[in-house]
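Submitted below is the structure of interest, expressed as structure tokens.
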Amino acid sequence: MTNTPILVVGSTGKTGSRVVAKLEAQGLSVRRGSRHAAIPFDWEDPATWGPSLQGITSAYVTYFPDLAFPGAVDKLNSFIRLAAASGLQHVVLLSGRGEAHARLGEDVVRNSGIDYTIVRAAWFAQNFSEGYLRDPILSGILPMPGGDIVEPIIDIDDIADVVVAALTDPRHRNTLYEVTGPRLMTFAEMAQVLSQAIGRQITYIPISFEDFHANVEASGGTFVADVFTGIARETLDGRNAHTTDGVQQALGRAPRDFADFAKQAQSLGAWTVAA
């Protein structure tokens, strides 16, 4: 396996960068799949797909920013068809929990004839420390829709560990792992945990989906806001208000608690502002 690189599509993303680091820490060869990689990969440029797949037998695939984006499933389908023809033997797909479009993406790899592992993930804890909620946290607020809906938020390092296990151990092939954190939490409870870890008050502010759209639009544009708001409306309705044992099944250990994530992120300077 060390002589055959593993393709990581989305190698600069939240999960992809961690998967790359963990694979390379095991001495494995990785082909980074990003627009600025040595062999560029761009979802918007199908001409880059073939060169990225040359000589590849295993791949981790994410679609940025989400499989719910218009056209994403069609592009994934075209990519997987090309991958199968190019000799790909195993694909690990990152999917979103409770998302209808993500399920369509899952069907693409499940019906491709290629061995697959689907990692269907809950809401990312790192959205607070690396994503669009970091700036509000720095301002002392956590503005989210959903009210008292509970979510089993997951540490991305757990997702990456499951992905790496799937890429390196054939026992995980043709399997779906639905991965969550170990407990259900409201956004108000998450704000309390963040307050304790950071050492200053973080206040949860319940907002409407319209306000959520406006917040995302201000930083990411209307198109991104439309898609993310649609996902929020779809998934923050109680459908994901239960934990699963996917991490335990895949890794033989429990998932990390949100409080442990918050403490580690704080220790690494996630919410430190340069003077």
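Only the coordinates and a few stated rules stand behind these numbers; no lab work does. Note that the structure is predicted; figures quoted are calculated from it, not measured. Here the Cβ positions follow ideal geometry from the backbone for every residue, glycine too, while neighbour counts run over all protein chains shown.
Going toward the positive end of the dipole of region 113-196, with +1 on Lys and Arg Cβ and -1 on Asp and Glu Cβ, which of M144, A188, A122 do you reach last?
The listed residue farthest towards the positive side: A122.
Also: ³J(HN,Hα) across region 64-69 via Karplus (A = 6.51, B = -1.76, C = 1.60, θ = phi - 60°), whole Hz, x for Gly/Pro?
8, x, 5, 5, 7, 5
Could I ask something else about it? If you place +1 on the Cβ of every Lys and Arg, -1 on the Cβ of every Asp and Glu, and leave all else neutral, what size is the dipole of region 23-131 about its Cα centre, to the nearest 20 Debye?
Numbers: 9 positive and 11 negative charges, 34 e Å.
So the dipole magnitude of region 23-131 works out to roughly 160 debye.
For a quick size check, give me the Cα extents of the chain along its three principal axes, largest first, whole Å.
52, 40, 37
Let me know the charge dipole size of the chain about its Cα centre in debye, to the nearest 20, where only the beta-carbon of Lys, Arg (+1) and Asp, Glu (-1) is charged.
Roughly 720 debye, rounded to the nearest 20.
Just to confirm a number: summing +1 for Lys and Arg and -1 for Asp and Glu over residues other than S11 whose beta-carbon lies under 9 angstrom from that of S11, what do you get?
Residues close to S11 contribute a combined charge of +2.
Could you give the size of the charge dipole of region 144-255 about its Cα centre, using +1 on the Cβ of each K and R and -1 on the Cβ of each D and E, expressed in debye and rounded to the nearest 20?
Here the size comes out at about 300 debye.
Give me the net charge for the shell around Q264: Cβ to Cβ below 12 angstrom, other residues only, Lys and Arg +1, Asp and Glu -1.
Spelling it out: positives minus negatives among the neighbours equals -2.
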